[in-house]
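Right, I'll just put the structure down here and ask away after.
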Amino acid sequence: MELLLIRLGEHHPQRPFLERELHWTTAGTRGEGRLQKKFHEFYSEEEFQILWDISLNIGTWSVQMDGLLLTERCAVIIESKNINGRLHFDEKTGEFFRINAAGEKTVMEDPRVQLNKHIRFLKQFFQMKKINLPVSGLIVFTAKDCEFASKPHRASICKTYQMIEYLLKILQAFPLEADNKKLAKIKKMILANQSPYKQAPLCTYYFIDPKDLLPGVYCRHCKCLSMQRDQRSWICSRCGARDSSAHLLAIQEYFTFVELEITNRKLREFCGLASRTVAKRLLIQLDLDSTGALKNRVYHFRE
């Protein structure tokens, strides 16, 4: 997202929205980091396994779980929510909204709905894998300046500093089964069934015309599209930094922003590169699938 913003002009109509998206994404990542750090305080004499950032699917039904605690009593899905302000759960209407510091009200999706979907999914997933393990869940609000103005009864919802106590309380509600669940084996099975999330190219996802992207090769030092080809390396025209692999990031950008196939001409246009010979050499060096011959050759992203 940061690199995409660099390639958009200052007055691009999508820029304010993308900046807000970047802010939310960055805040969410920080919140997940606080949650994982807090989990280091979790201790149990009973065996347990913890997994983070789990992505599974059953056919076309896909879910992403921030955390999954496996114990011999049950599995607990941990959902991280980084939302600040005064938080309201309206049990009569089923709505969830927050009021920020400026007094503005924003209606959002109730995180309990998402958690219930994930619990339903994991129960079905375990049933398919013949794993007899109850499933529960916990929603953790990670923003430092959030306040519960109202909270539903009997709901497993807490703040980061409360998470350990809530997890222990959830576990105590399930009896310890006599048979060993072989948690390490279950963890290995879940990791083996991970299905990486496939994001559509960002220009497609955010309705951006690829022609709006500024050409150039990014300099990691001065954070500008100012790298120029210099023999078999790249040198920044602003700060003089050298980076022999700067084109690798540019090609990754193209696949992420525009489409999963590239040609010699498209590479030159995207990087502001004049030489067809240099572009050909750079593409041939990569482990890409290709179709066609000579001027019609197309290089495809390899999974």
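Derivation of every value follows stated rules applied to the coordinates shown; laboratory data play no part. None of the values given here were measured: they were computed from a predicted structure. Note: ideal-geometry Cβ built from the backbone for every residue, glycine included; neighbour counts use all protein chains shown.
Output the residues belonging to region 237-295 that are part of a helix (DSSP H, G or I), among the hydrophobic types (A, V, I, L, M, F, W, C) and within 20 Å of H221 (Cβ to Cβ).
Within region 237-295, A246, L248, L249, A250, I251, C271 qualify.
For region 1-25, which positions are touching an Asp or Glu at 6+ places or on another chain (Cβ under 9 Å) and either of a type outside the set (K, R) or on the phi > 0 side of the Ramachandran plot (or both)? Explain how you work it out, then say what you get.
So in region 1-25, the residues touching an Asp or Glu at 6+ places or on another chain (Cβ under 9 Å) come out as 1, 3-5, 7-9, 12, 14, 22.
Within region 1-25, M1, L3, L4, L5, L8, G9, H12, Q14, L22 meet the criteria.
Turning to a different aspect of this structure: So S226 ticks every box in (1) in contact with a Ser or Thr (Cβ under 7 Å, 6 or more places away or on another chain); (2) in contact (Cβ under 8 Å) with a residue 40 or more places away in the chain but one. Which box is left unticked?
Going through the list (1) in contact with a Ser or Thr (Cβ under 7 Å, 6 or more places away or on another chain); (2) in contact (Cβ under 8 Å) with a residue 40 or more places away in the chain, S226 breaks only (2).
Checking L283 against (1) buried (at least 19 other Cβ atoms within 10 Å of the Cβ); (2) in contact with a strand residue (DSSP E or B) (Cβ under 6 Å, 6 or more places away or on another chain); (3) of a type outside the set (G, A, S), only one condition comes out false. Which one?
The number of the failed condition is (1).
Which one of these does R34 not meet: (1) touching a residue at least 60 places away in the same chain (Cβ under 8 Å); (2) at positive phi?
Every condition holds for R34 apart from (2).
Scan region 200-214 and report the pairs whose first residue is free of Cβ contacts under 8 Å to residues at least 12 places away in the same chain and part of a loop (DSSP other than H, G, I, E, B) and whose second residue is surrounded by 15 or more Cβ atoms within 10 Å (Cβ to Cβ) and of a type in the set (A, V, I, L, M, F, W, C), with Cβ atoms within less than 9 Å and a gap of 6+ or a chain change.
Listed pairs, sorted by first residue: D209/C203.
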